[in-house]
């Protein structure tokens, strides 16, 4: 670390010594001050007085002569250049493109510490940050990188394999290996599902979004570039079971304005929700602009409209005929009506574009630039005057049917002023615990980020890897900044952060659950939820077909129900989750033994295990989101109503789950995987090592060995169970260093 | 908001400093009979009458026109309003989906002139729980935490001061120590889970001691981290709770089937019943959530379900508390993120509408069959006595006996009050 410190100090000196000429400055009122010139930043000048304090004020407050002098000064060199490579030594970069890019980012982080962090800290009387935190050791590295890349702790075997590997490039190799593993897909799905509020059962509609979930998983496992994924979601047509990407708009069917507000927030880091109802109180957003953006979706419908009293386009009396036929067949209409309506109703959710744009200003519009009911033409919003010449804005808006394509092309364009920056800032936050610009849902002015140069560089990297999510994260995980120890200093809420290392974070609900699954199953990715595609295969009805008749509807409904029963048998929640009136006619309400058996064989043929009523699968394979009372819900899994809605706050029920819950019981049972590993170890010392390696991914310290020895001497095997219990319950376990 | 510390008189400034010290040290349990309670006499009708509060929170934004502010003109919903019993009050009609509440209309008070600035779910939830708009730099305390801060725990009660029933993010303790956070119960049927240790009591204690030993290096390294410290506090809190007899309050299966039936099946009915049990056992503040109000599509169908759920559980709760003699000391209040558009949209639903909505109160000395404020004939704007989310939160704080004008400094040294300087609607109290 010594070289780094020296390097940073030199760089700091370099910045100021180049302009160290003290001169007397006069302002427009004739007042004078002795100071050195530091920089011109936008409209402001920054001066430094002899006491080391920097002062920032409007350039126009200076006399004309001083203004001219200041303008003649060379601006401070790009700060990245001010950090000599020596500043970043003490860390071995991966010999790959990603390693080289990581080095470039580290220079910007180091420069940001000098330029932004330490002057601000000096003002608050805090000691300067002296560089990156110490590079983390292999024990810290293996645990953190598994949790951050694939969302769970490494298993005992994986931990050992990494420690025993003596290759100098083993860290970069492990990052590569994890990015290409199944676990990456699972962890990435959890992130996007939380961000996009993905649910199996949609709030409003009696339609399941299984095929949207499946689509999202497929894109992640194919590593589809982010711009293509987003474009697909914004432009999808049809029903979810024909095109899973349609789930994005159907998630908010009937809530077009909310959906748009979410789109801007999630993909462009621009929070304009206020502008739905009135001009944005803080930013330069008007309600009119919001409606101009909404107009791109004005010709799009998310449900078949009900025609005059009948069904959509097809047979107008269809439902009455269906009811009549069902009753004739001896069914109790009161029991089945809801189920039938839901079955048919699910098929109303369909995205289509028309040739008529319906966007008008709302009835309570109160600004001077329009009247309630005025038609609104589509228009892209700009963040700065330069955007006029930005290629992202060159979109054809003529054809009403193609409006969404224009919108998607603009939004996902590499040169869109916010698109690349937003996802880059988000993924940075995912690795470090805090974004360069906060909140990530509202970047607002990039110049106000804790390190604007870094933010812009991240956007640039995102563009240069062509929105390849894996490649971008490969860069981040290979930075010195990321591979430094977590900060021990408490960062107050809302205070800027400068990335001398990641922040300490509690595991997400999914990381905690998936880590338990690792302790129980070893390789939890080997277990897959079965039958996830059945819903989409059985629900489809073509409501626009005039020939669709009652008999077809009833037969299809009957087949659909049989499949629902099968699905219900495996979702663990029982029939209650599939709606109140499952059955066409009375009879058995229980899934058959055959259904239950079929339901427990995973997609890859591996038997799905369960314990205490919970299926032992990774969170991404379970219902989205899990039910109240489930471990995931207690630990703060997002209910998927709000963007990034998960919580990492502790509470009593969580502690109870850790102390007495099923997950903990599984581990302390004699037949558990970890106990089997203990049994396999040759002597008590090796057994203790095994417990620590499996749970904490590190060897015990000398002191811990003594404590362990005391436990085992006093209690024998029960001592191991107590150790497992105790370690699972430590703060060290649930927090990611 | 930008109150200057120097502008305050010396007494207020001293109060600030005491509060800062208290917050910083985590010392929050004032003795019973503290200053706030003694001041009760001079604070107008209803002050301190609510020893307990049950807050029914309508997630998604409850339609006012189809529930507590029914209209008969062009914005009328699918169901006709029904005449409500009013006793000596001025209550006229309720939405047609609420027949049971109409029967006991003489036991509720409605504020029909609510108006807010935010039509966004997250902000609406936040402001109706804290009185403040959400900010990126601070989390404001919810009402339960304010109660614990000013009043301390109710004497001889081991259960936590506040509990939420339902899921989702909650401001909880805000900037107060995490120990003042409500205990979240995600499923009322399941109650508080995992309360039985899986080993002997003796062994359990030993394991806890072992945990502390193994964890000491980590806790020392991150001793400045408040999240880590908070977890350690939750562990001590949990240990205390596990020893308590009152744990059974969380178990609604101990209620007779006839009682459970009255509240109605489903999460909200069970939640209201759980709330009553908790209040009986001394919990001060219970929030019960009812979702499903975001009725952008086919509102008639949606209201048939949610209306019945609300009608059944809310009316059962009032009657049950009354029969147990707890209604006098318990305030039930019903709040919503916002209202819904008076005009029905093309999908037969109603959209978000903050400009006019309703809240409801019952118990703790509130007037019966009473309506405060009104909206215009179509339910678009308050016609008189406009009330804000700040007023709503302040009203509850007032009923709880909290000094709603007293400024409390956050650890970041910013000044805050219960309900952000709203005005308590004392007219609601008899």
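Annotations
- The C-alpha atoms of chain B define a longest principal axis, and helix B:389-400 lies at about 60 degrees to it.
- With respect to chain B, whose longest principal axis is taken over its alpha-carbon atoms, helix B:121-130 is tilted by about 70°.
- Cα gyration tensor category, rounded, prolate or oblate, for the range B:194-250 with a/c compared to 1.5: oblate
- With Cα atoms defining each centre, the range A:677-716 and the range A:363-383 are spaced 69 Å apart in the structure.
- Average Cα contact separation per residue, the range A:652-736, under 8 Å, 6 or more apart, as relative contact order %: 28 percent
- Summary of the geometry: the range A:152-196 and the range A:473-498, compared by the centres of their Cα atoms, lie 19 Å apart.
- Separation of alpha-carbon centers, the range B:97-123 and the range B:347-361, rounded to whole Å: 9 Å
- Antiparallel bridges, percent of DSSP beta bridges restricted to the protein assembly as shown (to nearest 5): 65 percent
- Cα gyration tensor shape for the protein assembly as shown, rounded if a/c is under 1.5, else prolate or oblate: rounded
- Computed FRET value (nearest 0.05) for residue A:356 with residue A:396, which takes r as the C-beta separation and R₀ as 30 Å: 0.95
- Förster radius 60 Å - calculated FRET efficiency between residue B:156 and residue A:555 (Cβ-Cβ, nearest 0.05): 0.40
- Across the range A:296-443, C-alpha contacts under 8 Å between residues 6 or more apart give a mean separation that, scaled by the residue count, equals a relative contact order of 21 percent.
- Cβ-derived FRET efficiency at R0 22 Å, residue A:683 paired with residue A:713, nearest 0.05: 0.95
- For chain B: relative contact order, % (alpha-carbon pairs under 8 angstrom, 6 or more apart): 31 percent
- Label-to-label distance, residue A:24 versus residue A:335, with points set 7 angstrom from Cα along the beta-carbon direction: 10.0 nm.
- The range A:652-736 shape via C-alpha gyration tensor axes, a/c threshold 1.5: prolate
- Rounded to 10°, Cα long-axis angle of helix B:267-280 versus longest principal axis of chain B: 60 degrees
A short reminder: the numbers here are calculations on the coordinates, not readings from a lab. All values reported here derive from a predicted model rather than from experimental measurement. No Cβ is skipped: glycine too gets one built from the backbone with ideal geometry, and neighbour counts run over all protein chains shown.
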